[in-house]
Structure formats: C-alpha cells, structure tokens
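What follows draws every value from the coordinates through simple rules; no lab data is involved. Only a predicted model underlies this, so the values are computations on that prediction, with no experimental measurement involved. FYI the Cβ positions are ideal-geometry reconstructions off the backbone, even for glycines, and counts take in every protein chain you see.
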Amino acid sequence: MKKPKFKVDKHILTPKHSKLGEREKAQLLEKYHVTSKELPKILKADSAIKELDAKTGDVIKIVRKSPTAGESVFYRAVSDV
Amino acid sequence: MADIISEYEDKLPAKMLDEFKENIPKGASDTKVRKILEAAYGEYKNARVCPGEAVGLIAAESIGEPGTQMTLNTFHFAGVAEMNVTLGLPRIIEILDGRKELENPMMEIYLKKPYASGKRIEDLRHLALQIKETKLNDISTEFSINIADFTIEVKLDKERMKEIGVTTGKVMDAISKQLKGYNIKDDKDSIILKARSKEDSFNEAYKTKEKIKGITIKGIKGILQVLPVKREEEFVIITAGSNLADVLQLEEVDAYRTTTNNIFEIEQVLGIEAARQAIINEIFKVIESQGLNVDARHIMLVADTMCVSGTVKGITRYGVVSEKSSVLARASFETPIKHIINAALIGEVDNLNSVVENVMVNQPIPIGTGLPSLSVKPPQKTPKEK
C-alpha cells in the first residue's frame, strides 16, 4: 500500500493546533495563574501534534470551531504518558 | 470601523464580532461604533457564567431530563436500509462510557470528485468491493482435512471469486502472508495447505482449518457491509464495521470528510481534539434524532471532561472518576470499600477541596457563595514579645 499523504490537521474533525513560544507560554500561565501541569493534557504521541515536534511541558494552542462562539481558543500542555 | 472591532477580539467571541461587521451600517461614526461595542461587551459580561457556578450539575440535569424521556418513548434502533444503527439511550450510554467495542460500528466514507458524482456506477461498485472485507470463508465452498497426511483442502467458489475479482494466485498470496509455516499448493479448483513442521497432528490441522476461514482475502479488515447512498448530489458509502486508519489510505476516498462513529478510533488516528469534536457530534446526532433539545454547551462540557487527561475517559469508575484526587469523592461514586481500603493502605491524604467530600464531613461546599473564603494575615509579632 502507498504511503499516506494524509494530513491529520486537514480533517474536518481536527481543529488547528500550534505550539506556543516561550514568551507566549509565560504570558498565558501568568494570565490564568496556573502552572503548565494544571492545564488539560495532550499526549506527546497525539497524531495531531506529530509535526509540531513538541516536547513535554510545551503548551499547544488549539483554535476550535464552536457552535456558540464561532471560534474558541483552548490550551493543552504536552504530557508524556 | 474594522480596526475598532478588532480591538475587541480578546473580549468578545468571534461570532459576535462577525455579526457586528455585517450589521453596523457603513457610515457609522467611530464614537458610535465604540458605544455599541462597549454596550455589547457589558451585556456579554452579564451573560457569562459566574465563577463558582456548578456547571457540571446543571449539565447533568439538562442531559438527564431528556434522557429519561428517551428511555420511555423511543425506538432504540433505527434501520437505515438494512443497516442497524444504535440510537437513543443505549447509544448515549455507549458514548459516555467511552467504550472501545461498539454495538454497531459504522463509517461514512466520502469520495473524491469523479467517484462521488456516481455517474459511473461501475466505479462505485468496484470501490465498494475494494472496501468490503472478503474472508476466505466467503469464497470457498468446502474446508476438509485429509486424515492421512494432515493436509487441509480448501475448495474455492470460482464464480464468487470472479464476481469479487480475485484470482487463485491472489488468494494464495493473502494466505501465505497471514499464515506462517505452511506450504500452499494450487490444485485446480482448490488449494492445499501442508504444514512445514514434521510433527503435525489432527488437532493442529483442525485449529488451522478454523483459523484460515477468517483470513482477509480482499478489502479492509472489519468492514462487514457496504452501502452506497445518495446524499445531496453526491454518493457516500455507508459501512457497517469500522476501520478508519485503513479506509483513509484509499486513493478514491476523501479522507478529510470521512468519519466513523467509533470515538476510540478517531482518537487514535486524528488525535484527542478530533475525538472531543466527535463525542459532541455523536451525542448531538442522537439527541436531534429523538427530537429533543439540549444546549450544545452542556454537551461540550461533558466532552471536555472526558478529554482533559489527553485520552478519552468514560464517565465510569474506571475513567473520569478514577482520576479524582479525593478519596472520599471516589468512594462516593461506586465501590466505596475498595477505594477506602486502598487509600488506607497507602496512606492517602484528602484535602477536602471539592464538593462531595465536604458534604460528607458536613462543611460548606466550595461552590457558588461557598467558594470565596476569608484569609487573615496574623499581626506580626515584634521581637520583644518573643
């Protein structure tokens, strides 16, 4: 079988994922008074972030399409297990 | 005007801003636009859920009430042209429990342009056959064991094979790939399998005979039925059985719209965020099909809760509840004795941070007006008093 040219992030169910830079991450944690451990998690092996080359502790920004708000932003911290 | 609206990007949701862009007349002065936005922001702030509001409880009631209606007055199964679909309460429970094995797994396969139009029925038929799983059992008439030398003879149904479009060679290839340690020989209308190892026994041959019946000859493993359906000017293939990972690899398939109702598969292939969206879609599908009305926010909350840990967790004592940090909260759900004994064995500490455990010990719960608390800075003692 041919190798897949399929891109996970283009599927209708997958929202846009992007990695936050160090400064943005610090700002976010400051804004919500949390540590990255307290954020919802996303697995390091998650297929949606394979191409982002994320390390444990990084924060992933997710822009979801929402039926109520149009667009909503969500953050997940990359976790090992 | 556009730049004033964009100032509010952090404060107001995107959907509202889009509405402003459309509805505020072009000639409106900057001060007036600002006034409108400021008023809208005030309204929006008022409409938000207060800190400390028990949103989970409200969501539970809002989903639970129509849920009881559902048990009473619906068909739990609906037939979509010969195909069974679980609906109603059983399906809701299936989703919320985060089950991996579904009662009726199903896929909706969208096709790329030339195939979707359905102008060439021949193509559709060909594709459908390529997707549907054909097992050795389906294309053979007889399996027999020769007791003298423990060979297995499989009589092939040549007509059926022609229909599906497989040759004897392909069948032998498929078997040799999935079955190790056997020599395969073509014998006109049948194929003969002989074990390579010398120590063959009748038992061994019998086991193999049963095993090879399930070998996939053609198609995608797990897809039991295919059914092309016309949906708004295009053909969609609906299948019973699901195998998202393999179907997405097919060239004719529009991989970006194809979905399955198996949330676990979506999580594996598309990630946790896609799984969250799938949970919302699936629950909504059931609720809508029953003519009930539940606000999307409640369902989003449930889906978010199921997905916080990075994998889909069902709302069961093995899933979401096992993640709770409080021993008493876990014990209050199901199997209390197990939880309390385990906690006692390892010396767990309960900080009484949440609702259930505070109810148990007769303290105010940290919800609503119980949430804020006073903190007092003790007057600092001067060195003399020491």
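So the values come out like this:
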item: Cα-projected label distance for B:K170 with B:E19, points at 7 Å along beta-carbon direction, nm; result: 5.6 nm
item: Modelled label reach - A:K31, point 7 Å along Cα→Cβ, the stretch A:38-58 residues with backbone N closer than 18 Å; result: A:38-41, A:58
item: Once exposed loop GluC sites (Glu not before Pro) are cut out (DSSP; at most 15 other Cβ, 10 Å), longest piece of chain B; result: B:104-198
item: Globularity ratio of the protein assembly as shown, using Cα Rg and 2.2 N^0.38 Å; result: 1.29
item: The stretch B:221-281 - charge dipole about Cα centre, Lys and Arg +1 at Cβ, Asp and Glu -1, debye rounded to 20; result: 220 debye
item: Exposure proxy ranking, count of Cβ atoms within 10 Å, fewest first, for B:L57, B:L12, A:L29; result: B:L57, A:L29, B:L12
item: Candidate aspartates and glutamates for bridging to B:K162, where Cα separation is under 19 Å - those fewer than 8 sequence places away on the same chain excluded; result: B:E122, B:D123, B:E133, B:D138, B:E142, B:D173, B:D186, B:D187, B:D189
item: Residues with amide H under 5 Å from that of B:K135, placed H, sequence gap 5 or more; result: B:I217
item: Chain B - charge dipole about Cα centre, Lys and Arg +1 at Cβ, Asp and Glu -1, debye rounded to 20; result: 720 debye
item: Mean separation of Cα contacts under 8 Å, 6 or more apart, over the residue count of the stretch B:324-370: relative contact order %; result: 34 percent
item: Pairwise centroid distance, computed over Cα atoms, of the stretch A:13-34 with the stretch B:96-134, Å; result: 38 Å
item: Placed amide H near A:I42: partners under 5 Å, 5+ positions off or other chain; result: A:A77, A:V78, A:S79
item: Order of B:D189, A:D46 - criterion: other Cβ atoms within 10 Å of each residue's Cβ, fewest first; result: B:D189, A:D46
item: Vicinal HN-Hα couplings computed from phi for the stretch B:134-150 (Karplus, 6.51 cos²θ - 1.76 cosθ + 1.60; Hz; Gly/Pro x); result: 10, 9, 4, 4, 6, 10, 10, 9, 8, 10, 9, 10, 7, 5, 5, 10, 6
item: Cα gyration tensor shape for the stretch B:138-209, rounded if a/c is under 1.5, else prolate or oblate; result: prolate
item: Cα shape, the stretch B:89-181, gyration tensor, a/c 1.5 rule; result: oblate
item: Alpha-carbon centroids, the stretch B:1-67 and the stretch B:352-386: separation in whole Å; result: 35 Å
item: Extreme residue, positive dipole direction of the protein assembly as shown, given options B:T68, B:C50, B:V294 (C-beta unit charges); result: B:C50
item: Projected-area mean, chain B, by convex hull of Cα positions, square nanometres; result: 36.1 nm²
item: Cα centroid of the stretch B:308-324 to Cα centroid of the stretch B:200-273, whole Å; result: 28 Å
item: Net lengthening on full extension, B:K209/B:K221 (0.36 nm per residue, minus Cα-Cα); result: 2.4 nm
item: Mean separation of Cα contacts under 8 Å (6+ apart) over length of chain A, as relative contact order %; result: 33 percent
item: Using θ = phi - 60° and Karplus 6.51 cos²θ - 1.76 cosθ + 1.60, couplings along the stretch A:71-81 (whole Hz; Gly, Pro as x); result: 9, 9, 9, 9, 10, 9, 9, 6, 10, 6, 7
item: Set A:K16/B:K15; A:K65/B:K324; A:K10/B:K26; B:K185/B:K209 screened for pairs whose C-alpha atoms are more than 25 Å apart; result: A:K65/B:K324; A:K10/B:K26
item: Gaussian network model of chain B, springs between alpha carbon atoms under 10 Å - residue of B:I217, B:I121, B:I109 with greatest fluctuation; result: B:I121
item: Gyration tensor verdict on the stretch A:17-79 (Cα atoms; rounded if a/c is under 1.5, prolate if a/b is larger than b/c, oblate otherwise); result: oblate
item: B:E288 paired with A:V81, simple spin-label distance in nm, labels 7 Å along Cα-to-beta-carbon; result: 3.8 nm
item: Across A:K7/A:K37; B:K132/B:K221; A:K61/B:K100; A:K37/B:K45; A:K31/B:K377; A:K41/A:K61, pairs whose alpha-carbon gap is larger than 18 Å; result: A:K7/A:K37; A:K61/B:K100; A:K37/B:K45; A:K31/B:K377
item: Point-to-point label distance, B:R120-B:K32, nm (Cα→Cβ direction, 7 Å offset); result: 6.0 nm
item: Sequence-separation-based contact order of chain B, relative, with Cα cut under 8 Å and 6+ spacing, percent; result: 18 percent
item: The stretch B:20-36 - phi-based ³J(HN,Hα) in whole Hz, Karplus 6.51/-1.76/1.60, Gly and Pro as x; result: 4, 4, 7, 9, 6, x, 4, x, 4, 6, 4, 5, 5, 4, 4, 5, 4
item: Sparse-neighbour loop sites [trypsin sites (Lys or Arg not before Pro); the stretch B:1-58; at most 11 other C-beta within 10 Å; DSSP]; result: B:K26, B:R48
item: Those trypsin sites (Lys or Arg not before Pro) in the stretch B:174-204 that DSSP places in a loop and that have at most 15 other beta carbons within 10 Å; result: B:K180, B:K188, B:R196, B:K198
item: Cβ-based charge dipole, the protein assembly as shown, positive-most Cα from A:L52, B:P13, B:V226; result: A:L52
item: Net charge dipole size for the stretch B:100-255 [Lys, Arg +1 and Asp, Glu -1 on Cβ; Debye, nearest 20]; result: 300 debye
item: Whole-angstrom Cα spans of the stretch B:1-55 along principal axes, big to small; result: 44, 17, 17
